[in-house]
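Written out below as structure tokens is the structure these notes cover.
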Amino acid sequence: MNFNPDQRFSRWFIIFAAVVITALILWNVSLFFDQLKQSERDRMQIWASSMEAFNTEDINQYYALSQKINSKNQYIPIIITDDQDSIVNSINIPEAVLKDAVRSQELLMEMATENEPIRIDITGGDLQYAYYGHSPVINQLKYFPIVLVIIVILFIAVIYFFYATSKASEQNLVWAGMAKETAHQIGTPLSSLVGWTEILKSENVNPEYLVEINKDITRLETITGRFSKIGSIPKLERKNIILETQDAFEYLSKRSSKLIDFEIDVPQGELYVMLNKELFAWSIENLVKNAIDAMKGKGALKLTLKRDTRYAKILIKDTGKGIPKMNFSTIFEPGYTTKKRGWGLGLSLTKRIIEEYHDGQVRVLHSEINKGTTFQIALKLVD
């Protein structure tokens, strides 16, 4: 199964995130368990103390029970006020908050929204109110469902990712198999054509005819070589990209509609990159043919090659119907086409050749509806 760098990063990021979140959930569940276990024991100790106080009816026992309850409450924040909302006591509240009148009142209002205050009847007819907030355990549990939803989404994403990539890998194997089989099928009649040209030479046929036939045979041999390389790692060689781009562009310009104004702008000198000559030419031809189709055989097509820091950049600009921005990535997917006839593989093959085989980049640089599109190929320069 082949993944491009973005797919590999996405796959490992999703898996890493899922593992981390799962570990955090398990760790938090362990903490919750320990805290709840301790809380149950504290309640049992308080219950035992209350039974002792009830049986003795000793005021000192009741005072000791109150102290034990306060000491066992290490989590729940409590503020006790009189009937005028003045703070008379507090438990588990930072001293800095109590000294700040504004912050203490804000905390009191927050507690009132979290839980309804408990009324306390004091001997002598006085009233007090106990405001209390959520314990750390409750605060953590509030976000527990959200975390569960996130991890479920992550695992669904992992499953979907592997399904999509395995399906894409299977499609790639099918296309590669078809390409190799096509190369094999072309090879047989091609060998026969070479033999027939030798016979025609002995029959004193017009030499100009033989020259054109040999051109087409050479072209078929090039196509066969291209198809045979699909699905395998091609050999890259140090080549002058200016010369290779000119050859590929000029071949199509001579064999395309005369209603198209072809223009090429390349710098003087030499720019070297690592590339496979046949596959690179195929990429240029795919983009040029795509531009010709977008212009419906009439318009202006310009290829510009320039050096940009460490890259050689090739811009292919047409005056065709344009591409909606939302389809900038979709057009490179296998099978995508807006034509009634066609397999929708040209741009997909170009992307694979440039990005997977040549470690470069191909993208839609700019496009306007009914005004035209500019594609860009970027390849790293070598000395």
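The values are calculated or read from the model by the stated rules, or taken from the named source; none is laboratory data. On a predicted model such as this, the values are computed, not experimentally measured, just so you know. For neighbour counting, all protein chains shown are included, and Cβ atoms are generated from backbone atoms with ideal geometry for every residue, glycine included. When the accessible area is computed, the model is the full protein with side chains, heavy atoms only, and any ligands, DNA or RNA have been set aside. Shrake-Rupley method; radii C 1.70, N 1.55, O 1.52, S 1.80 Å.
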Inset, instruction - Please turn the phi angles of the stretch 209-214 into ³J(HN,Hα) values with the Karplus equation 6.51 cos²θ - 1.76 cosθ + 1.60 (θ = phi - 60°), one per residue in order, whole Hz, x for glycine and proline. - result: 5, 5, 4, 5, 5, 5
Inset, instruction - At 7 Å along the Cα-to-beta-carbon direction for both Arg310 and Arg219, put a label point, then send me their distance in nm to one decimal. - result: 4.0 nm
Inset, instruction - Pairs to check: Lys254/Lys296; Lys258/Lys313; Lys277/Lys306; Lys296/Lys380. Give those whose C-alpha atoms are more than 29 Å from each other in this structure. - result: Lys296/Lys380
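Local charge sum around Asp261 (other residues, Cβ-Cβ under 15 Å, Lys/Arg +1, Asp/Glu -1)? Please list the in-between numbers first.
Values: positive: Lys254, Lys258, Lys296, Lys298, Lys302, Lys317; negative: Glu250, Glu263, Asp265, Asp318.
Spelling it out: positives minus negatives among the neighbours equals +2.
Quick check on packing: order 265-271, 105-111, 216-222 by the mean number of other C-beta atoms within 10 Å, highest mean leading.
Numbers: 265-271: 11.9, 105-111: 15.3, 216-222: 13.4.
Descending mean neighbour count gives 105-111, 216-222, 265-271.
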Inset, instruction - May I ask you to list the aspartates and glutamates whose Cα is less than 12 Å away from that of Lys201, ignoring any residue fewer than eight positions away on the same chain? - result: none
Inset, instruction - Rank these by accessible area, largest first, 1.4 Å probe: Thr22, Thr245, Thr319, Thr309. - result: Thr309, Thr319, Thr22, Thr245
Legend entry - Distant-in-sequence amide H partners of Leu365 (H built 1.01 Å from N, under 5 Å): Thr374, Phe375, Gln376
Inset, instruction - Would you mind putting 88-96, 369-377 in packing order, based on average other-beta-carbon counts within 10 Å, highest first? - result: 369-377, 88-96
Inset, instruction - Pull out the extension gain between Ser253 and Gln268, defined as 0.36 nm times the separation in residues minus the alpha carbon to alpha carbon distance; nm, one decimal. - result: 3.3 nm
Inset, instruction - Add +1 for every Lys or Arg and -1 for every Asp or Glu among the other residues with Cβ under 15 Å from the Cβ of Ser90, and state the total. - result: -4
Legend entry - Residue-level accessible surface for Tyr251, protein heavy atoms, 1.4 Å, Å²: 60 Å²
Legend entry - Phi-based couplings in Hz for the stretch 126-131 (Karplus 6.51, -1.76, 1.60; Gly and Pro marked x): 6, 10, 9, 10, 9, 9
Inset, instruction - Could you grab the relative contact order for the stretch 280-324? Cα pairs under 8 Å, six or more apart, rounded to a whole percent. - result: 39 percent
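Sorting check: for 350-363, 275-288, which peptide has the highest mean count of neighbouring beta carbons within 10 Å, and how do the rest follow? Don't skip to the answer; put the middle values down first.
Working: 350-363: 19.9, 275-288: 22.2.
My ranking of the peptides, most packed first, is 275-288, 350-363.
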Inset, instruction - Run the accessible area of the stretch 236-317 with a 1.4 Å probe and give the carbon-and-sulfur part as a rounded percent. - result: 46 percent
Legend entry - Probe 1.4 Å - accessible area at Lys201, Å² to nearest ten: 100 Å²
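Which shape class applies to the stretch 225-301: rounded if a/c is under 1.5, otherwise prolate when a/b exceeds b/c and oblate if not, where a ≥ b ≥ c are the square roots of the Cα gyration tensor eigenvalues? Could the numbers behind the result be given before it?
Details: a/c = 3.02, a/b = 1.43, b/c = 2.11.
Oblate, since a/c reaches 1.5 and b/c is not below a/b.
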